[in-house]
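Comments concern the structure below.
The values are calculated or read from the model by the stated rules, or taken from the named source; none is laboratory data. A quick note: this is a predicted structure, and the numbers were derived from the prediction, not measured. As a convention, Cβ positions derive from the backbone with ideal geometry for all residues, glycine included, and neighbour counts pool all protein chains shown.
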Amino acid sequence: MRQFFRLLRVTRSVHVVKESWPAGGCGASSLLLSVVVLAFLASGLSMAQTADVVFWGGYVATMVEAQPSATAVAVRGDRILAVGSDEQVLRLAGPQTRRIALEGRFLMPGFIDAHGHLLSLGESRMRLELSQVRNWQELVQRVAEAARVADPGQWIVGRGWHQEKWDATPPDAVEGYPVHNALSAAVPDHPVLLIHATGHMLLVNACAMELAGITSQTPDPPGGRVLRTPDGKPTGVLRENAMQLAYRVYERQQRERPDAEKDRERLRALQLAQDECLRLGVTSFHDAGSSLDDVRFFRQAVDRGELRLRLYVMLNESNERLASRLAEVRMVDYGGGWLTVRAIKRFADGALGTHGAWMLAPYEDLPGETGNVVQPIEELRKTAELALRYDYQLCVHAIGDRANREVLDLFEQVMKQSGRGSELRWRIEHAQHLHPDDIPRFGRLGVIASMQAVHAVSDGPFVVERLGWRRAAEGAYAWASLLRSGAIIANGTDVPVEPVDPIANFLAAITRRMANGELFFPEQAMTRWQALRSYTRDAAYAAFEEDRKGIVRPGALADLVVISENLLTAPEENIRRARVDLTMVGGRIQYERR
Ligand SMILES: [Zn+2]
């Protein structure tokens, strides 16, 4: 920041260029029909500091309203040195400076994925990936193939199945979910544990149920359900807190492995995840639920220079463990801006895809079912008190309208009692299905809606089925209503629930076009400018980092991406083909497309 003010102070002559916004551009921003390009550079400065890298000849989306676009950017060290016209910025280039000709391409702040699971992304690349299977038979076949090459008795772990995305419902399905029999017959000797795409459900085979002691007599734990056939036998599907029944056994077996082996595997997962994020232009990542041990591992990765994108961590541990560790583990910009731990993750409910989202009224397609309370509100209240005491942000997963209302009520009460308010920047993760009365409360309370645009288009085909038309129309992924009422939306992908690709997510945000080509309540779409903001500046705001991230401005971190198409003006078909050409984090090029 200091550098930024220094630059402002030396600015004597401000160069002003007016240009008109290209047709078909940023729908929203009629206010931006005329774009003013301000250059912050003064003639005296060019001699004083030489840039390491200069980008020129492009369209720079600064995400700063007062200067929404420029053509060139200079970088020095890990910061942005200057933003302006080619002429002004190229003056900062010396003999050692790398000059990158943008040739009209689009340069913007690096994408900030405000909700994802970094290690799970990497692990999903190391495990059986089931998100693309077309039906139950194919799933069984894939698992059987994996078992054939596994060691005797070894757990077969897969992830990504989603019954709503199959071309047919299995014939013996219960409530639409598969029953284990065919899987158990194909894989009798290995315990199988298959994580649902949402992460809120497990499917296990008979071998795993035997190890976990799951029988017809096993009761549903609080906040969870063991799905059963009409004659009372467990189907192998475990929802929400019932997942622990199988996880416990799997984790016990995992714990017995040597630490060094586990850390090697975790490092491999981190590398795979980082490579994928950087290739797609993600420079900062909000990890929505890490353990204290993950934090130890991330910190070590920073110390060894192994972290190549910036991490903002939400801790997910019991209140008891948090109480004893929060003070010591809190860190902001550790290692020079690589790792921040100052947030806590909690779950109010489950997911829509698994009928686990906590609704005010029953599901349209499952009468009597209103979802799961994953963590009771009283427990969340204790977490809120811890967050206040140790100055942590609280981020609560809430998908159903009832869960969202309960969390808003809790936040409002805690704010009132403590005399605090929007400066806390507490977040609701997903905020997916809202009662219309609750929509304006986000803006009023300053609660951040941390939403994943891509969920709207991937869940879209079954949302009306679950909620009925009216609930879907009034409150499903209600971005436009939220923004109109003054809420801040931070965008993300919830990877590995959805692909981490920001351009696909951006397209979902501005079109709400589903894979079948239809639009899902398009009146709730974001404008292009709003969608970019939600992925840059506002995602930075959601982590208290808007002074240095999510903007292209002198003094900000040099976290930048170059994209082949102009995301603010190119037609939809071109954006569908758009590629990230270069990703820079802290002034270092971390990815460059050949
Ligand atoms: Zn998540």
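Things worth noting here:
- Pair list, Cβ < 6 Å and 6+ apart or interchain, from segment 569-594 residues that are more than 21 Å from Gly305 (Cβ to Cβ) to residues that are in a loop (DSSP other than H, G, I, E, B) and not small (Gly, Ala, Ser): Thr569/Pro22; Asn574/Glu565; Ile575/Glu565; Ala578/Glu565; Val580/Leu280; Asp581/Arg593
- Arg98 vs. criteria more than 16 Å from the ligand (Cβ to nearest atom), in contact (Cβ under 8 Å) with a residue 40 or more places away in the chain, more than 27 Å from Glu251 (Cα to Cα) and surrounded by fewer than 20 Cβ atoms within 10 Å (Cβ to Cβ): yes
- Answer from Thr354, Thr370 - the residue that is of a type in the set (S, T, N, Q) and without any contact (Cβ under 8 Å) to a residue 40 or more places away in the chain: Thr370
- Residue in segment 117-124 that is surrounded by 15 or more Cβ atoms within 10 Å (Cβ to Cβ) and at pLDDT below 90 present: yes
- Candidates Ala403, Ala361 - the one that is at pLDDT 95 or above and touching a strand residue (DSSP E or B) at 6+ places or on another chain (Cβ under 9 Å): Ala403
- Per-region count, segment 542-559, residues at positive phi and surrounded by fewer than 24 Cβ atoms within 10 Å (Cβ to Cβ): 2
- Filtered residues of segment 292-308 (kept if assigned to a helix (DSSP H, G or I) and not β-branched (Val, Ile, Thr)): Leu292, Asp293, Asp294, Arg296, Phe297, Phe298, Arg299, Gln300, Ala301, Asp303
- The set of residues from segment 70-95 being part of a strand (DSSP E or B) and without any contact (Cβ under 8 Å) to a residue 60 or more places away in the chain comprises Ala72, Ala74, Ala93, Gly94, Pro95.
- Flag for Leu339 being without any contact (Cβ under 8 Å) to a residue 60 or more places away in the chain, in contact with a strand residue (DSSP E or B) (Cβ under 7 Å, 6 or more places away or on another chain), closer than 22 Å to Asp113 by Cβ and surrounded by 19 or more Cβ atoms within 10 Å (Cβ to Cβ): yes
- Only one of the listed residues (Gly446, Gly421) is in contact with a Phe, Trp or Tyr (Cβ under 9 Å, 6 or more places away or on another chain) and either surrounded by fewer than 24 Cβ atoms within 10 Å (Cβ to Cβ) or within 30 Å of Ser131 (Cα to Cα) (or both). That residue is Gly446.
- Candidate set from segment 274-315 (those that are of a type in the set (A, V, I, L, M) and under 13 Å from the mean Cα position of the chain (by Cα)); member that is nearest to Val561 (Cα to Cα): Val282
- Some residue of segment 136-154 being within 25 Å of Glu369 (Cα to Cα) and either of a type in the set (D, E, K, R) or assigned to a helix (DSSP H, G or I) (or both): yes
- If the condition is being in a loop (DSSP other than H, G, I, E, B) and touching a helix residue (DSSP H, G or I) at 6+ places or on another chain (Cβ under 8 Å), then segment 445-479 contributes Gly446, Val447, Gln452, Tyr477, Ala478.
- Leading residue by the ranking (farthest from the ligand (Cβ to nearest atom)) among those in segment 271-291 that are assigned to a helix (DSSP H, G or I) and touching a helix residue (DSSP H, G or I) at 6+ places or on another chain (Cβ under 6 Å): Leu272
- Of the residues contained in segment 573-582, none is found to be of a type in the set (Lys, Arg), crowded, with 22+ Cβ neighbours inside 10 Å and either away from the ligand (no atom under 16 Å from the Cβ) or at pLDDT below 95 (or both).
- Residue match in segment 203-219 (condition: in contact (Cβ under 8 Å) with a residue 24 or more places away in the chain, in the same structural domain as Ala168 (by TED's automatic domain parsing), closer than 23 Å to Val373 by Cα and within 16 Å of the ligand (Cβ to nearest atom)): no
- Glu240 satisfies every condition listed in (1) among the charged types (D, E, K, R); (2) more than 16 Å from the ligand (Cβ to nearest atom); (3) within 24 Å of the chain's Cα centre (by Cα) except (2).
- Filtered by the rule that a residue be within 16 Å of the ligand (Cβ to nearest atom) and of a type in the set (D, E, K, R), segment 399-442 gives Arg427, Glu429.
- Filter result (assigned to a loop (DSSP other than H, G, I, E, B) and on the phi > 0 side of the Ramachandran plot) within segment 424-438: Arg425, Ala431
- Restricted to segment 176-259, the set of strands (runs of 3 or more DSSP E) holding at least 2 residues that are on the phi > 0 side of the Ramachandran plot comprises 234-240.
- Condition check for Thr569 on (1) among the β-branched types (Val, Ile, Thr); (2) crowded, with 24+ Cβ neighbours inside 10 Å; (3) out of contact with any helix residue (DSSP H, G or I) (no Cβ under 7 Å at 6 or more places or on another chain): one failure, at (2).
- Candidate set from segment 128-146 (those that are polar (S, T, N, Q) and within 18 Å of Ala182 (Cα to Cα)); member that is nearest to the ligand (Cβ to nearest atom): Asn135
- Condition check for Arg466: more than 16 Å from the ligand (Cβ to nearest atom) and surrounded by fewer than 20 Cβ atoms within 10 Å (Cβ to Cβ): no
- Total residues in segment 138-159, condition over 24 Å from Glu251 (Cβ atoms) and free of Cβ contacts under 8 Å to residues at least 40 places away in the same chain: 3
- Restricting attention to segment 504-516 and to residues that are away from the ligand (no atom under 16 Å from the Cβ) and crowded, with 22+ Cβ neighbours inside 10 Å, the residue that is nearest to Glu545 (Cα to Cα) turns out to be Phe506.
- Filter pass, Ile195 being within 16 Å of the ligand (Cβ to nearest atom), surrounded by 21 or more Cβ atoms within 10 Å (Cβ to Cβ), within 20 Å of Val495 (Cβ to Cβ) and without any contact (Cβ under 8 Å) to a residue 60 or more places away in the chain: yes
- Count of segment 103-127 residues which are touching a strand residue (DSSP E or B) at 6+ places or on another chain (Cβ under 7 Å), within 16 Å of the ligand (Cβ to nearest atom) and not in a strand (DSSP E or B): 3
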